[in-house]
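First up is the structure itself, then whatever we jot down about it.
Read-outs: derived from the displayed coordinates by stated rules, not from any lab. All values reported here derive from a predicted model rather than from experimental measurement. Note: ideal-geometry Cβ built from the backbone for every residue, glycine included; neighbour counts use all protein chains shown.
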Amino acid sequence: MRCRYLQGMQISAQERAATRPSRFAIGTRTWSVVRLVGALAILAAVTHQLIVTVGNALAATTPYGSHIPTVVANFLSFFTIESNISAAIVLIVAAIWGLRVAGGPSEADPVEPRALAILLACVSTYMIVTGIVYNLLLRGIELPQGSTVVWANEMMHVVGPVLLLADVLLAPRRRCLGWGVLGIVAAFPIVWAVYTLIRANLVISPRTGETGWYPYPFLDPTHVPGGYLGVSGYIVGIAVAILTVGAGVIWLSRRRGR
């Protein structure tokens, strides 16, 4: 399905304003506040978990367990953490943009900038996949980031992903994206997977003192049946999930956007 403005449905700004002036503006302002509050809650969750993780490291009695630079680097190497931080930043930018245009003349009726639309598509995909993977594969498993903060864990793995899904479905002023954006969406997870597998054998685990630190058990060839072949299977499965969710996000932008 092509974007609506490519289907001969483009209308003037005055006509758009005449059909939906106040509701559109109120929706933009309201959703911008939702985005801002959600972003701040996500950042609070990440910060609380980081404080607890660093606190555990400071209380550790071994040199490898108390090495703060490694502990912090490991914390920031979780796909969940990177996705949540990125999502919060993009949501804040989107909220600021939305509040600015909502306060402007209704006849302007702009859609979100292309760069912002692409960033929203990326972080929405990553957060939705984070929620799916965690709740299907990792719930109930203690991850190597120190003691889990329950509310922060739920915020990053459930509430945050649901918020980004709602953003895809409900946010006003969405831009129609081309299918080529799917390649941009897939770029970061590929880089992250390569980085993680290379870095793993260069890092000493703060828990064991041995070389080989993996943020998630399904990436550790010493624990996955089949070794690296088994790990490859998980990576392919997650890649399919990212491409599928990313395609869905883009498809919705083409249905809803202009």
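Using the average count of surrounding beta-carbon atoms within 10 Å as a protection proxy, the listed peptides 229-239, 201-211 rank, highest first, as 229-239, 201-211.
Kirkwood's formula applied to the C-alpha pairs of segment 30-96 gives a hydrodynamic radius of 13.0 angstrom. Counting only alpha carbon atoms, the long axis of helix 160-170 and the longest principal axis of the chain meet at about 20°. If R0 is taken as 35 Å, the Cβ-Cβ distance between Thr208 and Ile184 corresponds to a FRET efficiency of 0.40. Across all directions, the average flat footprint of the convex hull enclosing the Cα atoms of segment 21-256 is 13.1 nm².
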